[in-house]
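Accompanying notes for the structure given below.
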Amino acid sequence: MIGAFRKSNQILKMSSKVVSSSNFTSSTNPQGLPHLPVPKLNDTLKTFLDTVEPHLPASNFENTKNLVREFGKAGGIGEKLQKLLEKRAQEKENWLSDPTSNWWLNCAYLQYRDPVVVWSSPGIVMPQRKFDTMEDRLTFATRVIYSAMQFKSLIDAKKIAVEKMGKNEMDMQQYHNVFGTCRIPGLPQDSVQFNRDSTHIAVAVNDVFFKVPVYNVHGDILGENQLMEQLQFCVSEAMKVKNPLKIGVLTSDNRDNWAKAYHELIKNPQNISSLEDIQKSLFLLSIDRETPQIKDDIITGEYLFLTGAGSSHNSANRWYDKTIQFIIGTRGLNGVTYEHSPAEGGPIAVLTDQVIKYVDDHEAGKATIAIGTGNYEKPTMLSFQSSPEVEQAIKLSSDNIDKLTADVDMNYLHFTDYGKNFIKTQKFSPDSFIQMAIQFAFYRLHHVPGAHYESAGTRLYVHGRTECIRSCSKESIEFSKAMIESKDDKVKLQRMKDAIDVHKKYVSQAVQGYGIDRHLLGLKLIARENGIDIPELYSDDGYVKASTYRLSTSQVPSVYNAFMCYGPLTYDGYGCCYSPRNNDMWFGLSSMRSNNETSTKLFKKSLDESLKLMKQVLMNVGEQPIKSKL
């Protein structure tokens with residue numbers, strides 16, 4: 001993600017539910033953070049019904065209520081599963097994502113078999129640069145590498161400032177999962193490999209991969225002059241390779257397909273060596289070839305950052321299993337693709353901001369070039385041996401990524417009418433205000449409630465990952481209807497306030513570990529673990545509809561003209577990631593072209609109009625006019 005986690009200013013008062021951390025210190029909990037709580041069963045079931053009601057007709061909702069009543073009755077299956085989950089919570093530092101038995105990592109990522117491309121891995125669009133020559137691109141790339149390595153040094157020295165929400169510290173252990181980490185394909189599930197002490201990166205040019213040392217013989221980070229020489233060598237050697245084997249495209253495919261191809265690859269010792277050099281690299285840097293020109297001045301992930309534009313462009317110039325891939329484009333378009341399984345966006349966020357700042361400072365003459373000295377090893381071109389089975393797998397993966405590239409419809413909205421400063425003058429939470437604008441935009445287009453996922457971090461707890469904020473509520477739908485049907489701006493404003501208040505309450509519960517999605521998942525997983533039949537509640541129409549998130553959203557703030565983009569969670573849904581700045585907002589938007597119900601272009605237009613209409617209500621009812629830009 002882009003920018004550090006900054007929701008702490010939205011949670012003004014943390015609940016006393018966040019326990020003092022002093023009693024929890026251990027080798028795997030160095031900050032002494034509290035353990036993730038298990039919510040009360042009745043609280044979760046009540047909130048669950050509240051979030052289901054907007055999606056069902058009255059008769060169906062009665063059936064769901066009966067199932068919930070049966071599930072939660074005294075001595076029933078829900079109570080039994082609750083006790084088993086509470087027992088697990090007593091034995092684990094984090095009942096959901098404990099390193100010794102990581103439910104979340106396994107079920108959310110490693111067992112997920114769709115491609116990580118579009119369906120899991122986000123892309124980050126950095127501010128556009130001006131590149132006239134290859135030397136311009138390589139100069140930028142050396143600064144990306146150097147600043148990233150400096151950031152790693154801060155992590156290793158434990159000098160990254162501890163992030164807080166209010167007065168409460170957040171778990172910083174994910175920072176150690178960023179560099180040297182790689183997902184490894186497997187059947188029936190993948191695994192994650194950590195190589196934190198690695199001394200090289202991987203560089204991809206023209207679909208050819210290189211092992212590139214980034215430390216000298218004394219253990220010092222190479223200077224920019226030395227990194228430039230390393231990259232120049234890679235570019236020169238890669239251009240000599242005719243018809244390179246497109247091994248990288250295999251990582252873009254369905255995980256089962258990739259795992260089968262991987263099994264074929266590792267039959268050859270040379271392939272094993274090359275694969276290990278990529279997997280053990282600190283990160284990967286892709287120097288791309290020219291991509292298709294599109295009308296917009298920024299390529300928003302469809303070509304560059306999510307799919308690589310297909311097999312004939314840059315989809316094979318990637319290793320999508322690497323946690324971090326920096327992408328150096330041809331027209332000043334650069335960014336990051338990151339594999340999501342080992343960490344949330346916070347660490348990638350802070351890293352990306354540091355890279356942007358480092359480059360900006362150099363371009364503005366505020367920093368000096370880092371000159372390196374000392375001997376160092378030259379890059380090594382990594383070779384792969386093919387076979388008929390590998391060739392067939394590459395063809396299949398190429399066809400699949402070409403289809404996915406053609407299907408995903410990425411776009412962005414740079415909203416300049418106002419930003420979070422204006423929202424704050426109206427005494428609203430910027431995040432809740434924007435979430436209601438997204439709800440309103442969806443309802444204006446489709447005239448039905450959109451089940452709505454907003455990511456909330458649970459790093460207040462040791463090994464914390466995420467919880468879902470269910471932004472679609474009875475109040476958000478009443479607000480959307482009022483904005484469309486009512487002629488009274490005071491009614492619209494009251495509905496807006498009601499919806500925002502409900503959302504703020506859910507945010508507070510979620511970040512404190514008292515959301516409902518992870519709890520319901522935990523009850524389901526504990527049943528499976530104990531050989532208990534999955535309760536009927538989980539196949540109920542209400543559960544399915546309320547959990548089929550047609551809106552996948554996340555706030556990823558940055559002070560820069562940068563934004564995140566990712567694919568939708570469902571074929572009939574939208575991805576919507578946003579960065580609210582003081583006086584403007586960036587939105588990365590997506591949908592699938594193969595679905596005739598959705599349109600990224602129309603959703604972008606509806607979102608733009610919704611934000612403007614909400615402001616107009618505030619202006620019409622407000623006692624004093626407020627300028628558009630503050």
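The values are calculated or read from the model by the stated rules, or taken from the named source; none is laboratory data. Everything quoted here is computed from the prediction, not taken from an experiment. A quick note on method: Cβ atoms are made from the backbone with ideal geometry, for glycine too, and the neighbour counts reach across all protein chains shown. For accessibility, only protein heavy atoms count, side chains too; no ligands or nucleic acids. Shrake-Rupley method; radii C 1.70, N 1.55, O 1.52, S 1.80 Å.
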Exercise for review: Would you mind getting the accessible area per residue of the range 53-203, heavy atoms of the protein chains only, 1.4 Å probe, in Å²?
Suggested key: 44
Review point. Which is the longest run of the chain containing none of the trypsin sites (Lys or Arg not before Pro) found in DSSP loop states (not H, G, I, E, B) with at most 11 other C-beta atoms within 10 Å?
Key: 488-626
Study note, to complete from the structure: Computed for the range 422-526: size of charge dipole around the Cα centre, +1 on C-beta of each Lys and Arg, -1 on C-beta of each Asp and Glu, debye to nearest 20, value 120
Study note, to complete from the structure: The rounded separation in angstrom of the Cα centers of the range 156-227 and the range 367-402 is 17
Point to revise | Charge dipole (debye, nearest 20) of the range 41-149; +1 at Cβ of Lys and Arg, -1 at Cβ of Asp and Glu | key: 120
Practice item. Return one number: the angle in degrees, 0 to 90 and rounded to the nearest 10, between the long axis of the Cα atoms of helix 430-446 and the longest principal axis of the Cα atoms of the chain. Key: 80
Study note, to complete from the structure: Residues of the range 509-533 with backbone N under 11 Å of the label point set 7 Å from the Cα of Thr100 along Cα→Cβ are none
Check your understanding: So how much accessible area does Val559 have, in Å² to the nearest 10, using a 1.4 Å probe?
Key -> 100
Exercise for review: Can you spot the lysines whose alpha carbon is less than 23 Å from Lys378's alpha carbon? Ignore those fewer than 8 places along the same chain.
Suggested key: Lys152, Lys211, Lys240, Lys242, Lys280, Lys322
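Only helical DSSP H runs with n ≥ 4 go in: add -39500 (n - 2.57) per run for the chain, normalise by residue count and round the 222 nm mean residue ellipticity to 500 deg cm²/dmol.
Numbers: 16 runs with 241 residues, N = 630.
Calculated from helices alone, the mean residue ellipticity at 222 nm is -12500 deg cm²/dmol.
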**Study point:** DSSP loop GluC sites (Glu not before Pro) with at most 13 other Cβ within 10 Å excluded, longest remaining stretch of the chain
**Key:** 291-596
Review point. Under a 1.4 Å probe, what is the accessible area of the range 375-415 per residue, stated in Å²?
Key: 52
Check your understanding: Remind me, relative contact order of the range 140-271 in percent, using alpha carbon pairs under 8 angstrom and six or more residues apart?
Key -> 22
Point to revise | Relative contact order for the range 493-592, counting Cα pairs under 8 Å that sit 6 or more residues apart, in percent | key: 17
**Study point:** Relative contact order (%) - the chain, alpha-carbon pairs under 8 angstrom, separation at least six
**Key:** 21
Check your understanding: With charges only on Cβ, +1 for K and R and -1 for D and E, what is the dipole size of the chain about its Cα centre, in debye, rounded to 20?
Key -> 1460
Review point. Looking at the range 507-630, how many pairs of lysines come closer than 20 Å at the Cα, when each pair is eight or more places apart or spans two chains?
Key: 9
Exercise for review: Compute the distance in nm between two label points, each set 7 Å from the Cα along the Cα-to-Cβ direction, one at Ile272 and one at Lys159.
Suggested key: 4.0
Study note, to complete from the structure: Residue by residue through the range 261-269, the couplings from Karplus 6.51 cos²θ - 1.76 cosθ + 1.60 with θ = phi - 60°, in Hz, x for Gly and Pro, are 5, 4, 4, 6, 4, 7, 6, 10, x
**Study point:** Angle between the chain longest axis and helix 41-52 axis [Cα atoms, degrees, rounded to 10]
**Key:** 90
Revision key, fill the gap. The summed charge of the Arg470 Cβ neighbourhood (under 11 Å; Lys/Arg +1, Asp/Glu -1) stands at -4
Practice item. Enter the angle in degrees (range 0 to 90, nearest 10) between the Cα long axis of helix 134-156 and the first principal axis of the Cα atoms of the chain, meaning the one along which they spread out most. Key: 60
